1. Looking at this model, which pairs from Lys90/Lys130; Lys73/Lys244; Lys76/Lys285 are more than 25 angstrom apart at the alpha-carbon?
2. Please arrange Met261, Met203 by accessible surface area, largest first, computed with a 1.4 Å probe and ligands excluded.
3. Could you calculate the FRET efficiency of Lys268 with Glu294 from 1/(1 + (r/R0)^6), where r is the beta carbon distance between them and R0 is 35 Å, rounded to 0.05?
4. Starting from the Cα gyration tensor of the range 239-310, take the square roots of the eigenvalues, sort them a ≥ b ≥ c, and report rounded, prolate or oblate (rounded when a/c is under 1.5, otherwise prolate if a/b is larger than b/c, else oblate).
5. For Arg118 and Gln209, what is the calculated FRET efficiency with R₀ set at 41 Å and r taken between the beta-carbons, to the nearest 0.05?
6. I'd like the Karplus ³J(HN,Hα) series for the range 91-97: coefficients 6.51, -1.76, 1.60, θ = phi - 60°, whole numbers in Hz, and an x wherever there's a Gly or Pro.
7. Between Glu101 and Phe158, what length comes free when the chain is fully extended (0.36 nm per residue of separation minus the Cα-Cα distance, one decimal in nm)?
8. For Arg67, what accessible area in Å² do you get when you roll a 1.4 Å probe over the heavy atoms of the protein chains, rounding to the nearest 10?
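The values are calculated or read from the model by the stated rules, or taken from the named source; none is laboratory data. Only a predicted model underlies this, so the values are computations on that prediction, with no experimental measurement involved. Positions of Cβ are generated from backbone atoms using ideal geometry, with glycine treated the same way; all protein chains shown enter the neighbour counts. All accessible areas refer to the heavy atoms of the entire protein, side chains included, with ligands and DNA or RNA removed. Shrake-Rupley method; radii C 1.70, N 1.55, O 1.52, S 1.80 Å.
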Amino acid sequence: MLYYFDNGPGAPKRWHPLGSDLAAALTQYGTLINERPVGIPKGAQPAAEAAPQHPGLFSTVAARYRREVLPTKGRKTQLEQDPQLDRLVKVFGEMDVAEIEPQHIRQWLDWRAQPDERGRPRRAAANREKALLSHIINKAREWGVVAGANPCVGIRGFKESPRSRYVTDDELRKILSKADAPLAAALRLAYLTAQRPQDVLAMRWADVQNGYLHVAQRKTGTKLRIVVEGKLAVLIGKLKAGPKGEFLIRDDEGNPLTANMLRNRFEKARAAAGVSCQFRDIRAKSATDVGDLETAQRLLGHTQTTTTDRYLRGRVGGVVRPLDRKV
């Protein structure tokens, strides 16, 4: 089967099946690019039609993936990957999974990483979609739809620069001074526990038991028991005295804060404070301020200290000592 990747200006970005007959493929190619067919031998067959719907079609496999695999992932991942699936289907939907080759992945990946209309690079988006595409193809192999190797293997993605923002104490105090009570509580809880925003919002009073705050990280499934002592104990005591509600972070009426509510409140507070950062940067600040790599690793929920070390180096750099010798 021959395919043509139409990525011209204003054209639908997808792989078009051209059939297995070279002459017919050239005819179809000429039609697609609005040019006269060239090199058509006498008696050539008409252009091949689009591949029929069958179990091996990428669009069919992607639909099954959406039904069976996507719902098993975290809510945030579902929201991110659902539109990614749509984009992948637009490009590869008419292709048979067994006929997707490494060259197809490379050509699509290079196009996907091109800057958007605002000139912003899309390398990270390309990498994320390639990872999803690879997982879909692996699932197709598990389901017996395709038996060949995964064409994504060996195709290198784009290098991404790790986030290097470190929020200083002064910057955090400025944001806290402009935050309302629920946001201030969320910021302090995130800082003292070094947990992700989604995990902070998910903390319930039922999770505070026997002197521990029990956390099940939604992204990785890692479970932690954070000792309730010191400033964390004081904060939890203040939250306990607030409006009645199931969650630790709640509004004045006891209702839990959603991710959108938290984001909107944070954006207003940081703008008023004149500070440019993201809520997730508080987690990195917390881990950095711990000062002990092993403790930071356990608090973040990383399985290896090397992961934590790379995470922290991107924020404040590694610690080195000068030479201590006379010259």
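1. Working: Lys90/Lys130 14 Å; Lys73/Lys244 31 Å; Lys76/Lys285 23 Å.
With Cα atoms farther than 25 Å apart: Lys73/Lys244.
2. Values: Met261 60, Met203 5 Å².
Descending order: Met261, Met203.
3. Working: r = 37 Å, r/R0 = 1.06.
Efficiency, rounded to the nearest 0.05: 0.40.
4. Numbers: a/c = 2.79, a/b = 1.57, b/c = 1.78.
Oblate, because a/c is 1.5 or more while a/b does not exceed b/c.
5. Details: r = 49 Å, r/R0 = 1.18.
Working from the Cβ atoms, E equals 0.25.
6. Running phi through 6.51 cos²θ - 1.76 cosθ + 1.60 with θ = phi - 60° gives 8, 9, x, 8, 8, 7, 4 Hz.
7. Values: separation 57, 0.36 × 57 = 20.52 nm, distance 1.89 nm.
Answer, rounded to one decimal: 18.6 nm.
8. 150 Å²
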